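Read-outs: derived from the displayed coordinates by stated rules, not from any lab. This is a predicted model, so every value here is computed, not measured. Cβ placement follows ideal geometry from the backbone for every residue including glycine, while neighbour counts extend to all protein chains displayed.
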Amino acid sequence: MSRIVVVTSGKGGVGKTTTSAAFSTGLAMRGYKTAVIDFDVGLRNLDLIMGCERRVVYDFVNVINNEATLNQALIRDKHVENLYVLPASQTRDKDALTPEGVGRVMDELHELGFDFIVCDSPAGIERGAHMAMYYADDAVVVTNPEVSSVRDSDRILGLLQSKTHRAKQGETVREHLLITRYSPARVQSGEMLSMEDILEILAVPLIGVIPESQSVLQASNSGAPVILDKASDAGQAYDDFVRRFLGETVPHRFLEVEKKGFFKKLFG
Amino acid sequence: MGWFSYFKQEKAGSAKVAKERLQIVIAHERLDRNGPEYLPQLRRDIMEVIRKYVAITDDQVNVQYEKGSDFDVLELNIALPDREH
């Protein structure tokens, strides 16, 4: 079966779409046939972050309503091979997504030979978020070191354990915690929750820590997922995360304040 | 920032407060989640009944639900306001 991974968080603006774009690109770069689906019906944005916004013809809801075939709606990524984007619709009909419709698309993607299906969840705990997590085998819970984000992640973890297809079968969704927008300097000065604090509160295995980085905005400005920016700290951290997801043991980086050399201390 | 701040490794910041607040609120929310669905409404109803007799605030009533092996326990803790002397 294709492995279905939901990228979720509860709170908005923590980096779900940035993560979905980087994650799916990273999986495809390693040769896995990957589809990334935007579940944010009415507020499509994954297409912009992936840089394919001008090639959207059909969308996820068109496929569910049989107005287009999956092959017509899937957009082949221009950066890497093996990667396809299924954009959200801009319709405001929030009932467009149904468990049956989403399930059929998942089955068809499996038949097309996809190894991974990455579901980019909308914020909140409404229908779109529920549908994005419903068929998931794995969940990447994106959390910022900030009180409201941590609290919302805990709510989402509760839903993953009770409202998913797996939960209803008496099975569990594998949970992975991804901390984003982490600032080691602010953690050191005691003004930001540390990675250890968040792990202690949420008690979910850590899969990665993405540092706060200017490269994330640059990536979204240009429509190229940040993992393609191999020189950037965030790009490297996302690459480490993908490798860990695939089972490699990779030490965590970017957790300490960068030690400045003598000249940097003098001249900033 | 003075000269000596350079050597100072840890400062008392607001992160400690954030962690403590989160631990408390999340512990409460997990209890609600693991308990029966009627628990939040039960808590509101109990509050209303008590308020007919005593003026209490939300944080003076603590409803806890614990799952045991043979039976579940519903624990109700009400801190009454100080008596006037």
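Here are the numbers for the structure shown:
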quantity: Computed magnitude of the charge dipole of the stretch A:28-70 (debye, nearest 20; Cβ of K, R +1, Cβ of D, E -1); calculated: 260
quantity: In degrees, nearest ten, helix A:147-160 long axis to first principal axis of chain A (Cα); calculated: 40
quantity: DSSP beta bridge pairing in the protein assembly as shown, given as percent antiparallel to the nearest 5; calculated: 25
quantity: Exceeding the 26 Å Cα-Cα cut-off - candidates A:K11/A:K33; A:K11/B:K16; A:K78/A:K163; A:K16/A:K94; calculated: A:K11/A:K33; A:K78/A:K163
quantity: Inter-chain shielding of B:18-27 (mean C-beta neighbours from other protein chains, 10 Å cut-off); calculated: 5
